[in-house]
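Asks: After the structure tokens below, expect a handful of questions from me.
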Amino acid sequence: MTPQPDTATGIAAAVHAGDLDPRLTTEAALDRIATHDPRIGAFRRIRTREARREAAELAGRGALEGLPLAGVPVAVKDNVAVAGERTEDGSRATSREPADADHVVVRRLRAAGAVVVGLTRVPELCIWPMTDSAEGTARNPWDLTRTPGGSSGGSAAAVAAGLVPLAHGSDGMGSVRIPAACCGLVGIKPGAGVVAEPTEGWYGMSTHGPLATTVADAALLLSVLAERPDLARVSTSAGILRVAVSTRPPLPGVPVGADQRRAAGRAGELLRQAGHTVRDDDPPYRPGSMNEMAARWFAGAAQTAEGLDPELLQRRTRGHVGLGRLLQQRGLVKDGARERWRAAVEPFFERYDVLVTPALAAPPPPAARWHERSWLANVLASTRYAPFQGPWNLAGYPAVTVPIGGHNRRMPLAVQLVAPAGRESRLIGVAAQLEALAPWPRVAPGFA
């Protein structure tokens, strides 16, 4: 398939061929950001002057053929260090001193030839799947009254509105896949350890991943973040796979909407048409493992908040962090949780190569000032619409969100694909099959 000129793969190919200058690609992205971001609020910081300087330096280097993201404008989530910029992490309690060096994933982006055009908005300490703070609210380009998800909500909004072709995200309980589902994008959470970094957040549940409009672009960015060029090679010839389709939520009592159930069923039917063996079957979600997953959500936030002034934290965050510290003190964040959950779910993945679930249980919530609401209101909203992602962070398994249709002719629908550890390429290939069988709009209506 020939890369489209406004995709990351297309931009990089044109730069490699000498048909496109990194300064032009950067200027085009900055123009779109200036035009559209006031309505969306995707960016916490737009690096206009710095991005122009970096693009000019890149253009002056010559011999860009070996750089996989040569001249590609990229947005970075505001929870990793970018040299010379503050890392606010959505909070007034974090340091306002500029970082003196790039985070390892930002170094990899720059080494690949990407131009960092801005830092995207996140909820405080990246805890929540709704992206707002006292400084602003990120909105979904498909429906500006709804959230783009979280915590990588600003990154997803920027890509869905066509402001940048690619964005970095991080995922501790679905923070790449949830916003990808809300905004009609491809989002990849790689397996544990695939994107190596000095420390892993949220007791090993958090990792970094891409948000993109095409499977090829998402795979390309993942290959850069992971320093594994093989992950950029997208193949749809994986042979006949055993596919399980499940609409059962991991958390009991969470209703799953009819549209979301139909999305999973449609994905299963498309994969059956592609020649795969498809059955309805549910993973053996264990209450004990789901409790251990939730404990890491709370205690991971408490880790992130260490050293911060609690008086400067939002009310909902103080509640979350307080519970996390209580769990830590009582020894309820137990070692071996990943191993216990894997032992429970491994027999399921001996029977199946890929699991398909709805990506969400309900449409995205309103783009409201959630940071002014109670901790309980935020927790209930989070679990009611996005219960499907967290178990696979606990397992350390790769998972991908893929668009699969529309909801009430406005909002996109999506499914989640899951496979055992080390099967990122398999999931990327299945996602590419769904993309070929049921293509999706690459940019939200009104921004194309």
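The values are calculated or read from the model by the stated rules, or taken from the named source; none is laboratory data. Keep in mind the model is a prediction, meaning the values are calculated, not measured. Quick reminder, even Gly has a Cβ in these numbers, built from the backbone with ideal geometry, and neighbours come from all protein chains shown. Accessible surface areas use protein heavy atoms only, side chains included; no ligands, DNA or RNA. Shrake-Rupley method; radii C 1.70, N 1.55, O 1.52, S 1.80 Å.
Asks: Taking Ala337 as the residue in question, decide whether it is surrounded by 16 or more Cβ atoms within 10 Å (Cβ to Cβ), of a type in the set (A, V, I, L, M) and modelled with pLDDT of 95 or more. Walk me through it before giving the result.
Replies: Numbers: surrounded by 16 or more Cβ atoms within 10 Å (Cβ to Cβ): yes; of a type in the set (A, V, I, L, M): yes; modelled with pLDDT of 95 or more: yes.
Yes; evaluated as a whole, the condition is true for this residue.
Asks: From the residues in the range 21-43 that are of a type in the set (A, V, I, L, M, F, W, C) and surrounded by 19 or more Cβ atoms within 10 Å (Cβ to Cβ), which one is nearest to Gly118 (Cα to Cα)?
Replies: Filtering the range 21-43 for residues of a type in the set (A, V, I, L, M, F, W, C) gives 24, 28-30, 33-34, 40, 42-43.
Of the ones still in play, those that are also surrounded by 19 or more Cβ atoms within 10 Å (Cβ to Cβ) are 29-30, 33, 40, 42-43.
Working: Ala29: 10, Leu30: 9, Ile33: 10, Ile40: 14, Ala42: 10, Phe43: 7 Å.
Only one residue tops the list, namely Phe43.
Asks: Something else: For residues in the range 161-195 being within 20 Å of Gly10 (Cβ to Cβ) and touching a Phe, Trp or Tyr at 6+ places or on another chain (Cβ under 7 Å), which is surrounded by the fewest Cβ atoms within 10 Å (Cβ to Cβ)?
Replies: Selected residue: Gly162.
Asks: If you don't mind, another one. If only one of Arg146, Arg139, Arg108 is in contact (Cβ under 8 Å) with a residue 40 or more places away in the chain and in contact with a strand residue (DSSP E or B) (Cβ under 7 Å, 6 or more places away or on another chain), which one is it? Spell out the reasoning first.
Replies: Details: Arg139 fails: in contact with a strand residue (DSSP E or B) (Cβ under 7 Å, 6 or more places away or on another chain); Arg108 fails: in contact with a strand residue (DSSP E or B) (Cβ under 7 Å, 6 or more places away or on another chain).
Among Arg146, Arg139, Arg108, only Arg146 is in contact (Cβ under 8 Å) with a residue 40 or more places away in the chain and in contact with a strand residue (DSSP E or B) (Cβ under 7 Å, 6 or more places away or on another chain).
Asks: Identify all residues within the range 287-309 that are under 15 Å from Asp89 (Cβ atoms), open to solvent by 20 Å² or more (accessible area, probe 1.4 Å) and in contact (Cβ under 8 Å) with a residue 24 or more places away in the chain; write none if there are none. Steps first, answer last, please.
Replies: So in the range 287-309, the residues under 15 Å from Asp89 (Cβ atoms) come out as 300-309.
Checking the rest, the ones that are also open to solvent by 20 Å² or more (accessible area, probe 1.4 Å) come to 303-304, 306-309.
Residues satisfying the conditions are Gln303, Thr304, Leu308, Asp309.
Asks: Hey, can you tell me all the residues within the range 44-80 that are at positive phi and either buried (at least 19 other Cβ atoms within 10 Å of the Cβ) or among the aliphatic types (A, V, I, L, M) (or both)?
Replies: To start, the set of residues in the range 44-80 that are at positive phi comprises 62-63, 71.
Answer for the range 44-80, where residues must be at positive phi and either buried (at least 19 other Cβ atoms within 10 Å of the Cβ) or among the aliphatic types (A, V, I, L, M) (or both): Ala63, Gly71.
Asks: Hey, another quick one. Give me the residue from the range 91-134 that is over 16 Å from Val176 (Cα atoms) and among the hydroxyl-bearing types (Ser, Thr, Tyr) and, out of that set, modelled with the lowest pLDDT.
Replies: Going through the qualifying residues, I end up with Ser133.
Asks: Taking the conditions exactly as written (of a type in the set (Gly, Ala, Ser) and in contact with a Gly (Cβ under 9 Å, 6 or more places away or on another chain)), does Ser206 satisfy them or not?
Replies: On the way: of a type in the set (Gly, Ala, Ser): yes; in contact with a Gly (Cβ under 9 Å, 6 or more places away or on another chain): yes.
The answer is yes for Ser206.
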